[in-house]
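The values are calculated or read from the model by the stated rules, or taken from the named source; none is laboratory data. This one's a predicted model, so the numbers in the text were calculated from it and none came from an experiment. Neighbour counts run over all protein chains shown; Cβ positions are idealised from the backbone, glycine included. Just the protein is used for accessible areas: all its heavy atoms, side chains included, with ligands, DNA and RNA removed. Shrake-Rupley method; radii C 1.70, N 1.55, O 1.52, S 1.80 Å.
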Amino acid sequence: MLTYDTARKWIDRWDRQQEGYLPGREDRFKALIDAVEVGVGRPDPLVIDLGCGPGSLSARLLRRLPWATVVAVDTDPLLLSLGEAGYGKTTGLRFVSADLRTPGWSERLGLDRPADAAVSTTALHWLPEEHLRAMYAELAGVLRPGALLLNGDHLNSDETTPTLARLERAVHQNEERRVFGDERPEDWRHWWDAVLADPALAEAGEARRRSAAAVAHEGSESGLLSQHVNALRDAGFGEIGTLWQRGNDRLLCAVRS
């Protein structure tokens, strides 16, 4: 049986390995939550967390905005199991299993009103461009006018500003070297190998192995800034721009028209 303590152990380890790719991860979280707090215009916003994983962003958002409601959506049974065991008693937080690549995913969210914001961190680059475009279009249909989309991810600009893109990556790599030196945290693959070997997660691990959607991560399918900007514009978002940036790690913000 997956206990709270076991779930939190693996969530904490998840956070450490994620920081190995993102030395400024907590700063990006703070900037994103700042934008939600200031930008939605109410103390009790309804927020959708896209590709929530084990709920790291959702939990942080609710610590800052305890009257918010966060609907956290992911397709990975193991990560959702960790989130539900580790954060499931958090007031205002609800986890939903849905594949953002499947049309109609938003119907599974059970929203009782249009959402005030949608947020995501280090998740949407997994979506192939055609699915990214369809997802943003469907998302626009469940956001109120003026709602925010806040997406924190590594998004490159090689196709428009190749020199700046090269410099952005260099800034990020130099920061990694300054922070970690030769002692980097474990990587993504090592974390997955370890968590799948834990007997306490055998049931969730088997569910993940049976889920083609959960394991179909082949690389950075939508890693270009322009892919997201163009898809958001076509989906009906108006103002679109980078709200926070450190190297090629950026927080992209878009306002629903």
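General remarks:
- Each residue in the stretch 159-180 was checked for being within 23 Å of Trp126 (Cβ to Cβ), open to solvent by 60 Å² or more (accessible area, probe 1.4 Å) and of a type in the set (D, E, K, R), and 2 pass.
- Selection from the stretch 44-67 of residues that are farther than 24 Å from Ala137 by Cα and either over 12 Å from the mean Cα position of the chain (by Cα) or open to solvent by 10 Å² or more (accessible area, probe 1.4 Å) (or both): Asp44, Ala59, Arg60, Leu61, Leu62, Arg63, Arg64, Leu65, Pro66, Trp67
- Comparison of Arg113, Arg101, Arg133 shows that the only residue that is at negative phi, in contact with a helix residue (DSSP H, G or I) (Cβ under 7 Å, 6 or more places away or on another chain) and open to solvent by 60 Å² or more (accessible area, probe 1.4 Å) is Arg133.
- Residue in the stretch 188-208 that is in contact with a helix residue (DSSP H, G or I) (Cβ under 6 Å, 6 or more places away or on another chain), of a type outside the set (A, V, I, L, M, F, W, C) and not in a loop (DSSP other than H, G, I, E, B) present: yes
- Within the stretch 10-43, restricting attention to residues that are of a type in the set (Asp, Glu) and closer than 22 Å to His154 by Cβ, the residue that is least open to solvent (accessible area, probe 1.4 Å) is Asp15.
- Only one entry of Leu143, Leu155 meets the criterion of being of a type in the set (A, V, I, L, M), modelled with pLDDT of 95 or more, under 21 Å from Val119 (Cβ atoms) and out of contact with any helix residue (DSSP H, G or I) (no Cβ under 9 Å at 6 or more places or on another chain), and that entry is Leu143.
- Flag for Leu78 being assigned to a helix (DSSP H, G or I) and within 24 Å of Pro128 (Cβ to Cβ): yes
- Residue match in the stretch 68-78 (condition: without any contact (Cβ under 8 Å) to a residue 40 or more places away in the chain and open to solvent by 30 Å² or more (accessible area, probe 1.4 Å)): yes
- Output for the stretch 209-257, where each listed residue is modelled with pLDDT of 95 or more, open to solvent by 40 Å² or more (accessible area, probe 1.4 Å) and among the polar types (S, T, N, Q): Asn230, Thr242, Gln245, Ser257
- Flag if Gly141 is open to solvent by 30 Å² or more (accessible area, probe 1.4 Å) and small (Gly, Ala, Ser): yes
- Test for Glu84: is it within 15 Å of the chain's Cα centre (by Cα), open to solvent by 60 Å² or more (accessible area, probe 1.4 Å) and not small (Gly, Ala, Ser): no
- One residue stands out in the stretch 5-48 among those that are in a helix (DSSP H, G or I) and touching a strand residue (DSSP E or B) at 6+ places or on another chain (Cβ under 6 Å): the one that is farthest from Val195 (Cα to Cα), namely Gly39.
- Checking Ser106 against (1) of a type in the set (Gly, Ala, Ser); (2) under 24 Å from Ala31 (Cα atoms); (3) part of a helix (DSSP H, G or I), the condition it does not meet: (2)
- Residues considered: Arg178, Arg133, Arg166. Of these, the only one that is under 22 Å from the mean Cα position of the chain (by Cα) and among the charged types (D, E, K, R) is Arg133.
- Residues of the stretch 26-47 classified as in contact with a helix residue (DSSP H, G or I) (Cβ under 7 Å, 6 or more places away or on another chain) and free of Cβ contacts under 8 Å to residues at least 60 places away in the same chain, total: 2
- Residue match in the stretch 77-88 (condition: closer than 15 Å to Thr6 by Cβ and modelled with pLDDT under 95): yes
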